[in-house]
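Let me begin by presenting the structure, written as structure tokens, before commenting on it.
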Amino acid sequence: MKNDYSFLGEAKTVAVVCNQWGDTGKGKIVDFLTPWADVVARGTGGANAGHTVAWEGKKFVTHLLPSSIFHDKEGKISIIGSGVVFDPRQCIAELTALHANGYASEHLRISRRAKLVLPQHIVLDRLSASRVNESLGTTGRGIGPAYSDYYNRNSLTVGDLFHRDTFAKKLQRNIEEKIARIREYDPSLVREILFHTHLGEGIFFNDETILNRDSIVEHFTGEYAEALRAYVTDTDELIHNTVGKKHILLEGAQGYLLSIDYGTYPYVTSSDCSIEGLAKGAGLSVRDVDLTFGVMKGFYMTRVGKGAFPTEMGGEEAQEYCSKTTKDEELRTHVDYSINEQDGFKQGIAVRINGNEYGATTGRLRRVGWVDLVLLKRALHVNGMNVILTKLDVLDGCEEIKICIAYQYTGEAFFLGRDTLAHGAILTSVHPDNSLLSSCEPIYKVFPGWKTKTSNMRSYQDLPQEMRTIIDFIENETGARVRMISIGPERDQTIVVDKDV
Ligand code: IMP
């Protein structure tokens, strides 16, 4: 199918970010826009992302590689920018799987300034998950510890892979303090983590020193450097020379509400996954971006791991259940729940099963809740007003759709400085501070749902009136403009919204 990209107008640089907590289907949208692009760049996060792309009935998931990599043979340049924390082992594993499936990677470019994720980062990330008071429910890919080193001015970069002596010296400086911290944990747990497949099944383990420095130097500056040499370059220079001349597509990871700067801190990731962080991490300024699309699910949202979620279906009970249950268990026991269950907990399970809301990186259950306009307004403020709604088909047949329009604050009087938030106050705007959100009850406007199956619809005018009424409401309430709608995982299940036709 040949797509019509006239809706992008004169834009040369287009970005796709997420307005929720990630997992909104950015991968599919990037894949849809990739034929338009000459260059596709990632700028934030690392192997914590999971980009799912469906193609000819098959599903592909990449964690580190931009999803444009599947178009390499068409000459598309895929960039991993300097804002990314880069795990060479993960990248090589993804490349190997890609090549085995007949795909190429000739046009992949990796920033030599990207910061390395090293075995000690993954070990520390996984160890902190073992202590309840330290655990944020991370993906265990070493992301937080790797970014901490960056801000602590102690990182090793992709460029260091090609300088064995420098790498060894920097590693020595980096690793000492990590080993001391690792020694505070149960040695059998440390051993178990180091024997995980993500850490090469023990190749970096040493009985005495725990981490085998020589082995890290050997593998990283040897085999990994050689496998990656052809791709590593100054991507900032590459993208500066391209901007304004060719079509650039920026591929976001995670979502606004997980941004270290804007999200529900501390239950966030360690990079700024808003448009600002993405542009910078890809080597651009936000001023270079002509058009930003903020993706959100219609009309629900999900989050993985811990943190406040005012509109969660089933509330705390659901959060607790999601932290303890596996996908297999859920599918074995609860497939008969309907998305029209009166009980929010059961309804949440049904929506999760319907939407296949299980982590692409970790397989964890994604917590499910209704769309929240209070939080959306914050995201729009930074990511801009152009919105893409995805997965709308998941709610086909749902009798009532709830949209959160405000909160009632249910906590003790909360001193904000000059102002005090009183118990019972109604809030239509709030900073997504985790502790504040934890004491907010959603106030919903309830809309009738649509009964028809939407996955075969191909124009905005075909979509059920009930769905369009909700879209109009969200637009009027927030100022957002819905530009595209996705009603299934396949490329052709994408509708460019042209309301005036
Ligand atoms: P980290 O990014 O692995 O440090 O995890 C920090 C938080 O961000 C955890 O709650 C993760 O579940 C969440 N997170 C990280 N990446 C993603 C993603 O791609 N989708 C959804 N949640 C994510």
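The values are calculated or read from the model by the stated rules, or taken from the named source; none is laboratory data. All figures in this text were calculated on a predicted structure; none of them were measured in a lab. We place every Cβ from the backbone using ideal geometry, glycine too, and count neighbours over all the protein chains shown. Protein only, heavy atoms only, side chains kept; ligands, DNA and RNA dropped before computing areas. Shrake-Rupley method; radii C 1.70, N 1.55, O 1.52, S 1.80 Å.
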What are the pairs, 6+ residues apart or on separate chains, where a residue within region 202-228 that is touching a residue at least 12 places away in the same chain (Cβ under 8 Å) and of a type in the set (S, T, N, Q) has its Cβ under 6 Å from a residue that is surrounded by fewer than 20 Cβ atoms within 10 Å (Cβ to Cβ) and not in a loop (DSSP other than H, G, I, E, B)? 221/164
Looking only at region 136-170, count every residue that is in a loop (DSSP other than H, G, I, E, B), open to solvent by less than 20 Å² (accessible area, probe 1.4 Å) and within 16 Å of the ligand (Cβ to nearest atom) and tell me the total. 2
Listed residues 314, 305, 294; which is more than 9 Å from the ligand (Cβ to nearest atom), closer than 30 Å to residue 349 by Cβ and open to solvent by 10 Å² or more (accessible area, probe 1.4 Å)? 314
Taking residue 27 as meeting all but one of (1) of a type outside the set (Val, Ile, Thr); (2) within 23 Å of residue 496 (Cβ to Cβ); (3) more than 16 Å from the ligand (Cβ to nearest atom), write down the number of the exception. (3)
Among helices (runs of 4 or more DSSP H) lying entirely in region 215-322, which contain 1 or more residues that are farther than 30 Å from residue 401 by Cα and in contact with a helix residue (DSSP H, G or I) (Cβ under 8 Å, 6 or more places away or on another chain)? 225-228, 275-281
Residue hits (region 15-33; within 22 Å of residue 432 (Cβ to Cβ) and either among the β-branched types (Val, Ile, Thr) or assigned to a helix (DSSP H, G or I) (or both)) are 16, 17, 24, 26
Residue in region 343-394 that is least open to solvent (accessible area, probe 1.4 Å), counting only those that are among the basic types (Lys, Arg) and within 25 Å of residue 479 (Cα to Cα): 391
Matching residues in region 112-130 (in contact (Cβ under 8 Å) with a residue 12 or more places away in the chain, surrounded by fewer than 22 Cβ atoms within 10 Å (Cβ to Cβ) and either touching a Ser or Thr at 6+ places or on another chain (Cβ under 6 Å) or among the charged types (D, E, K, R) (or both)) number 2
